[in-house]
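S.K.: Dumping the structure here so I can ask a few things about it.
The values are calculated or read from the model by the stated rules, or taken from the named source; none is laboratory data. Please read these numbers as outputs of a predicted model, since none were measured by experiment. Ideal geometry is used to build each Cβ from the backbone, glycine not excepted, and the neighbour counts take in all protein chains shown. Just so you know, the surface numbers come from the protein's heavy atoms only, side chains and all, with ligands and any DNA or RNA stripped out. Shrake-Rupley method; radii C 1.70, N 1.55, O 1.52, S 1.80 Å.
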Amino acid sequence: MIKKFVIAIVYCATCIIYSQNGTVSPYSFGIGDLKAAGTVENQMMGGVAIYADSIHINLRNPAAYSKLSLTTYTAGLTRKESRLKTFDDQENASVSNLDYLAIGLPIGKGFGLGFGLMPYSSVGYNSVTQGVNADGAALTYSAAGDGGLNRLYTSLGYEIFKDFSIGATLNFNFGTLNNDRVQTVEGVQFGTLDRRESRVNGFDFNYAANYTPKISEKYRLYTSVGVNTQMNLVSENTRTIGSFSLSTGVDVEVINVNLQAQGLKNTEIKVPTTTTLGLGIGEDKKWFVGAEYSLQGLSSFENDFLNRNNVDYNDASTFGFGGFFVPDYSSFTSYFKRVTYRAGAKLTKSGLVINDKEINNFGITFGVGLPLGGSFSNLNIGFELGRRGTTDADLVEESYLKMNLGLSLNDRWFQKRKIN
């Protein structure tokens, strides 16, 4: 079984790295549209990642690995249907993604290890702007991008004393970002082009601490603090400029720009630190409700090579609220009493400012966790309805339905055989 799973991981990892664009969002320029970092279970609770148990991996909270009692392997898929609307037009788009592949295993009492692969960001936009130049001729400017960053990670979690755990994750981020800018003028045979490519890699760390004491015989308090350190990315850049034929689309004269002379051959991209605080309450194996608040100093973000004139950054924040309910996890008479019901909501102030308008996102989430057979494994199905952006200032409002499918499988590794 282990061999088959390893083969599946290698195959699916290849699909992640070489897959097509993971987004169709008009706001996915720069390093791209950031993917939801949590498993389906966390995403369906408004992204809240305070809760930890013995049979699920928590990708956002490394301290949670200390709770694992079974080896767990998990994978997630997403299908997103979007409606992109401007002031006078709209169109529909859809995209499917493999969200994550991960393994978590207990390696000692109160000590857990995890590792995996997931997309971190996706670039997938294509915008067209029309105007008039100084001579009164119609001018068309288009910008398109694709690519994104992937993430390899390894995590450790340890319970220092009863109900208090700490954890750390090392992330290695890598990928390629492509951006094309094209300009054409009415009545002119050739258009101009500007192609930019960045090959990016770099590390960051995620630290977390959980304190989950019993506050009565039935109820437990959940508290968490997490710090995702500044991501320091190194970007190796290339740029070509030139012209192309409007009738054939073939490049006519293209040259490679000497970025070394401009100090742009190798640049740094620094994604600021994110701090997260969480608080919740619940009854073990019955119900849980909690909230999280994250703050990121995104106003200091810079990307000198892929900057845009109409884009600024403010500090970003996210508030998430959600929970779950299990009617009776040990019921032998009713399957639906063993189902986990999840719901939540989240509000994200992205910090992205375009044409002096901040791009925010609001979504509601809900889903179920379906037990598989008589094991602890489960199939998790979730949905998110949301809206991002605005039609003001010639921008795009994105309404979406995201459908998630997650598989969480459990097994026992490193167990000594007993001979009677």
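S.K.: Consider all pairwise Cα distances in the stretch 249-371 and report the whole-number % of them above 20 Å.
M.R.: Value for the stretch 249-371 (Cα pairs over 20 Å): 65 percent.
S.K.: A further question follows. What accessible area per residue, rounded to a whole number of Å², is obtained for the chain using a probe radius of 1.4 Å?
M.R.: Ligands and nucleic acids excluded, the result is 51 Å² per residue.
S.K.: Would you tally the net charge around Val225, using a Cβ to Cβ cut-off of less than 13 Å, leaving Val225 out, and scoring K and R as +1, D and E as -1?
M.R.: Charge balance near Val225 sits at 0.
S.K.: Using a Gaussian network model on the chain with a 10 Å cutoff between Cα atoms, which of Gly108, Gly389, Gly344 fluctuates the most?
M.R.: In this elastic network of the chain, the residue with the biggest mean-square fluctuation among Gly108, Gly389, Gly344 is Gly108.
S.K.: Trypsin sites (Lys or Arg not before Pro), restricted to the stretch 197-260: which are DSSP loop and have at most 13 other Cβ atoms within 10 Å?
M.R.: In loop regions of the stretch 197-260 (DSSP not H, G, I, E or B), the sparsely surrounded trypsin sites (Lys or Arg not before Pro) are Lys218.
S.K.: For q values of 0.27, 0.29, 0.30 Å⁻¹, compute log₁₀ I(q)/I(0) with the Debye formula on a Cα-only model of the stretch 307-363, without solvent.
M.R.: Treating every Cα as an identical point scatterer, log10 I(q)/I(0) equals -0.98, -1.05, -1.08.
S.K.: Let me ask something else about it. Taking Cα centroids, how far is the stretch 207-269 from the stretch 137-181 in Å?
M.R.: 6 Å
S.K.: Pick out, from Ser243, Thr267, Val326, the residue whose Cα sits farthest towards the positive end of the charge dipole of the stretch 243-343, with +1 on the Cβ of Lys and Arg and -1 on the Cβ of Asp and Glu.
M.R.: Of the options given, the answer is Val326.
S.K.: Continuing with this model, one more query. Largest first and in whole Å, what are the equivalent-ellipsoid semi-axes of the stretch 41-176 based on the Cα gyration tensor, each being the root of 5 times an eigenvalue?
M.R.: The answer is 44, 15, 13 Å, longest axis first.
S.K.: While we're here: Let me check against my output: what whole-number percent is the relative contact order of the chain, with C-alpha pairs under 8 Å and at least 6 apart?
M.R.: This gives 16 percent for the chain.
S.K.: If you place +1 on the Cβ of every Lys and Arg and -1 on the Cβ of every Asp and Glu, how big does the dipole about the Cα centre of the chain come out, in debye to the nearest 20?
M.R.: 2440 debye
S.K.: Still on this model: With the full set of protein chains in place, find how many percent of the accessible area of the chain is carbon and sulfur; take the probe as 1.4 Å.
M.R.: The value for the chain is 57 percent carbon and sulfur by accessible area.
S.K.: A further question on this structure: Based on a Kirkwood Rh over C-alpha pairs, give the Stokes-Einstein translational diffusion coefficient of the stretch 263-311 at 4 °C and viscosity 1.567 mPa s in µm²/s.
M.R.: Here the translational diffusion coefficient equals 89 µm²/s.
S.K.: For the stretch 120-228, what is the convex hull volume of the alpha-carbon atoms per residue, in Å³?
M.R.: So the per-residue hull volume is 155 Å³.
S.K.: Note the direction-averaged projected area, equal to a quarter of the hull surface, for the Cα convex hull of the stretch 64-140, in nm².
M.R.: Computing the convex hull of the Cα atoms and averaging its projections yields 8.6 nm².
S.K.: With the alpha-carbon atoms as the only input, what is the per residue convex hull volume for the chain in Å³?
M.R.: In the chain, the Cα convex hull volume per residue is 168 Å³.
S.K.: Applying the Karplus parametrisation 6.51 cos²θ - 1.76 cosθ + 1.60 with θ = phi - 60° to the phi angles of the stretch 210-224, what ³J(HN,Hα) value in whole Hz is obtained for each residue in order, glycine and proline being reported as x?
M.R.: Each residue's phi maps through the Karplus curve to give 10, 10, 10, x, 6, 10, 6, 5, 9, 9, 10, 8, 10, 10, 8 Hz.
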